[in-house]
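Colleague: Supplied in structure tokens, the structure appears directly below.
The values are calculated or read from the model by the stated rules, or taken from the named source; none is laboratory data. Keep in mind that this is a model prediction, so the values were computed, not measured. Methodologically, a virtual Cβ is constructed for each residue, glycine included, from the backbone with ideal geometry; neighbour enumeration extends over all protein chains shown. Only protein heavy atoms, including side chains, enter the accessible area calculation; ligands, DNA and RNA are left aside. Shrake-Rupley method; radii C 1.70, N 1.55, O 1.52, S 1.80 Å.
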Amino acid sequence: MNTKMIRSYKWLIPAIVALVCYGLIPTSAHAQTSEDKTFALVDRTEVGAAEVLTPKAPAPAPPASGYSWKGVYIGAHVGYGWGRANTSFSPLPTAAQFINLAPITLRNDPTGVNAGAQAGYNWQFGKFIAGVETDFSWSRMRGTAVLVGFTQNNGASWNGSLRTHQDTKWFGTLRPRAGFAPTSKVFLYGTGGLAYGHVNYSANADFRPQGPIQYPAASSKTKTGWTVGGGVEVGINKHWSWKAEYLYYNLGNESMTGNPTPANPPFQVGYNSQTKAHTFNTGVNFRF
């Protein structure tokens with residue numbers, strides 16, 4: 001029976017050999033290689049799908065554009081000033097000798113408008129801003145004080161007059177300023193530095209009509225001193241900004257000596273005038 005079965009299936013052997021030769025029936029090694037290739041293909045496909053399906057993090061939004069205070073600027077301003085110009089009258093050589101005039105002080109506080117221009121440069125470090133500015137103002141600040149009838153050293157009255165006048169023609173400053181920007185377009189700052197100005201002074205102790213003598217004195221000088229203040233500046237657009245600023249300046253005192261007319265030695269009158277003022281200005285700046 002075995003012999004018959006072998007004879008019955010011996011025709012299958014050539015067919016199987018043909019199929020193996022043509023690769024239609026894989027051997028174990030060939031099958032393993034194909035399986036590996038199939039798994040590799042699946043792996044790569046899965047990785048690619050993961051890359052496609054994994055959502056990418058959104059790109060960060062670009063930073064909001066801030067207002068830049070950095071650079072050179074020029075501008076113009078207009079404002080108002082009110083000063084302190086107390087003027088003391090001192091009889092010379094001494095009050096004991098000059099019995100007709102007791103020491104006295106008159107307060108001739110100048111007031112008036114001013115207008116001018118400014119220029120400067122700013123550096124900016126985030127919200128902190130520092131810079132330097134110079135300005136120049138034409139001024140109409142002036143004041144006069146007159147006293148009719150005054151007291152002598154012995155307490156008696158004298159029918160004369162005392163007069164003092166101060167007139168600020170122009171003034172300017174050179175100063176650093178520094179502050180911060182609570183919002184991008186608002187700059188709050190403090191400032192201080194050099195102040196200078198040209199001031200006309202005059203005073204007179206006039207003993208007429210009761211006596212024939214007067215003691216006039218006058219001076220016109222460019223003086224220097226110091227200033228301090230602060231302000232706010234608000235950006236309008238890329239180039240323009242509006243500002244409001246307060247400054248106090250002190251240009252020191254001016255001393256003069258009035259000689260008698262007609263001559264009456266050794267008597268004189270000494271005058272000493274303060275030169276202080278507060279100013280408030282508003283204006284615009286153009287930033288390049």
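Colleague: Give the calculated FRET efficiency between VAL132 and HIS278 to the nearest 0.05, with a Förster radius of 22 Å applied to their Cβ-Cβ distance.
Modeller: 0.45
Colleague: What nm distance separates the two modelled labels at THR257 and PHE125, each placed 7 Å from Cα along Cα→Cβ?
Modeller: In this crude spin-label approximation the distance works out to 5.3 nm.
Colleague: Right, something else. Carbon and sulfur atoms: what percent of the 1.4 Å accessible area of segment 176-288 do they account for?
Modeller: Percent of accessible area from carbon and sulfur atoms in segment 176-288: 65.
Colleague: Can I ask one more? Starting with the highest mean, order 216-222, 274-280 by the number of other Cβ atoms within 10 Å, averaged over the residues of each peptide.
Modeller: Taking the mean over residues of other Cβ atoms within 10 Å, the ranking is 274-280, 216-222.
Colleague: Enumerate the whole-percent occupancy of each 10 Å bin, from 0 to the last occupied one, for all C-alpha pair distances of segment 142-229.
Modeller: It works out to 14, 26, 21, 17, 12, 7, 3, in whole percents.
Colleague: Continuing with this model, one more query. On average, how much accessible surface per residue is there in segment 60-213, in Å², for a 1.4 Å probe, leaving out ligands, DNA and RNA?
Modeller: With the other protein chains kept in place, segment 60-213 gives 47 Å² per residue.
Colleague: Count the lysine pairs in segment 171-288 that are 8 or more places apart or on different chains: how many have C-alpha atoms under 21 angstrom apart?
Modeller: 4
Colleague: What does the charge dipole of segment 88-164 about its Cα centre add up to, to the nearest 20 debye, if the Cβ of each Lys and Arg holds +1 and the Cβ of each Asp and Glu holds -1? Let's see the in-between values first.
Modeller: Values: 5 positive and 3 negative charges, 26 e Å.
Roughly 120 debye for segment 88-164.
Colleague: Please give the solvent-accessible surface of ASP109 in Å², to the nearest 10, using a probe radius of 1.4 Å with every protein chain present.
Modeller: For ASP109, the solvent-accessible surface is approximately 50 Å².
Colleague: Run the numbers for ASN154 and ALA117: contour at 0.36 nm per residue of separation, minus the present Cα-Cα distance, in nm. Walk me through the numbers before you get to the answer.
Modeller: Details: separation 37, 0.36 × 37 = 13.32 nm, distance 5.30 nm.
Roughly 8.0 nm would be gained on extension.
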